[in-house]
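Step one of this worksheet: look at the structure below.
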Amino acid sequence: MLTTTTDGLTDRASQVTVLGLGDMGSAIARTFISRGYRTTVWNRTASKALPLVDSGATAAPTAAEAVAASRLVVVCLLDSTAVDEVLGAVDAAAAGTVLVNLTSGSPQQARANERWANERGAAYLDGKIMGDPPYVGTPNVMFPFSGSRSAFEAHGPMLRELGTVVYHGEDAGSAAVEFMAQVAMGYEILIGFLHTLRLVQAEGADVADFAERAASSVASLSPLLTSIGNAVRTGDYPPDLGALNVQAALMDDLISHRESIGVDVVRMREVKDLMDRRIADGFGAQGFSSLFELLAKS
Ligand code: FVH
């Protein structure tokens, strides 16, 4: 059903459509409904739409009919395979919509989705979700977006209902790059933290008490991260964390301590080997950031 108004947000039966009502998709739909937006929903397993219909949503029998109901279409499915399957069934119904894909995926998949959308007369925004379903609708969930700037400007206010939104430019893959980098950094830090808890426990200290102290010491790292980013950008490496010549000696102590209490040293050995190589190349006066020059780019 099309209404006559032309403000772009209300010229269709709904203001927003959500495809995919899993844990995250349902949280997104609930947020739009609770903020008063006329919301159409669709899910492969139709029963998942029922609680949202009870809250005021309209359930569409097919994905294509759900897309036709709104100008703004949010897709939140398990993975890119699911996105390809669902969009394959939507096809021409996408014309005239802004397709906002929040499904996890690679930068390449985001760019392919944008081509698919543009070929059918739809604008495309790629977004990623950094946070958990219960926090959708609060500033505690980060949503990097990228893709059509005009679409982001037109629908930014509705997208900002979901959480903290940052636009990363017209390259549709940029939000996925940000997401992959942020999530990868998180895992790299957290696996090191788990290994350190193993060290703390092996020495008979309380891991939870240590974690409390570690939380504040990690917070103090933010100026160092900024400094390292600038050093890598310019190639001008200061002696951050001290000169490598000094740090290498400390690494020997850290490694021998861990070995003495039977704690894994794989990652520490990787760092030590990089330090030794950088020093052997004549850069012992530079700091930790200069190890970047040795990290392989396949
Ligand atoms: N849940 C979380 O905490 C994380 C937070 C960070 C971002 N992720 C990403 O969000 C996407 C959706 O995740 P989800 O938690 O909603 O996932 P599920 O609860 O498993 O729901 C998956 C939905 O996808 C539908 N689906 C799966 N395969 C297909 C398909 N081939 N065709 C159509 N739909 C499909 C599934 O439908 P159904 O099983 O209910 O019929 C759900 O609606 C995801 O990218 C996370 O990485 C969440």
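When each of the peptides 48-57, 212-221, 178-187 is scored by how many other beta carbons lie within 10 Å of its residues on average, the order from highest to lowest is 48-57, 178-187, 212-221. More than 38 Å apart: what percent of Cα pairs in the chain qualify? Tail of P(r) above 38 Å: 33 percent of Cα pairs.
Counted by Cβ distance under 11 Å from residue 21, the other residues give a net charge of +2, where Lys and Arg count +1 and Asp and Glu count -1. Ranking 133, 78, 26 by how far each Cα lies toward the positive end of the dipole of the chain (charges on Cβ) leaves 26 at the top. Mind checking which of 237, 256, 284 is farthest towards the positive end of the range 222-298's charge dipole, using Cβ charges of +1 (Lys, Arg) and -1 (Asp, Glu) about the Cα centre? Towards the positive end, the residue furthest out is 237. Pairwise Cα distances in the range 15-177 exceed 22 Å for 32 percent of all pairs.
FRET efficiency for the pair residue 202 and residue 95, taken as 1/(1 + (r/R0)^6) with r the Cβ-Cβ distance and R0 = 51 Å, rounds to 0.25. When only Cα pairs below 8 angstrom with a gap of at least 6 residues are kept, the range 222-298 shows a relative contact order of 44 percent. With each label modelled as a point 7 angstrom along the Cα→C-beta vector, the residue 55-residue 187 pair spans 3.0 nm. Amide H to amide H, with H built 1.01 Å from N, residue 41 comes under 5 Å of 18, 58, 59, 60, counting only residues 5 or more places away or on other chains. Look at the alpha carbon pairs under 8 Å that are at least 6 residues apart: their mean separation over the length of the chain gives a relative contact order of 11 percent. Using Cβ point charges alone (K and R +1, D and E -1), the dipole size of the range 15-177 about the Cα centre works out to roughly 320 debye.
Charging the Cβ of each Asp and Glu at -1 and of each Lys and Arg at +1, and nothing else, the dipole of the chain about its Cα centre rounds to 680 debye. The convex hull drawn around the Cα atoms of the range 222-298, when projected onto a plane and averaged over every direction, covers 5.8 nm². Taking 0.36 nm per residue of separation and subtracting the current Cα-Cα distance, fully stretching the chain between residue 81 and residue 281 would add 67.4 nm. If R0 is taken as 22 Å, the Cβ-Cβ distance between residue 195 and residue 140 corresponds to a FRET efficiency of 0.20.
Where a number appears in this text, it was derived from the coordinates with a stated rule and is not lab data. Fair warning: this is a prediction, and the values are worked out from it, not measured in the lab. Neighbour counts run over all protein chains shown; Cβ positions are idealised from the backbone, glycine included.
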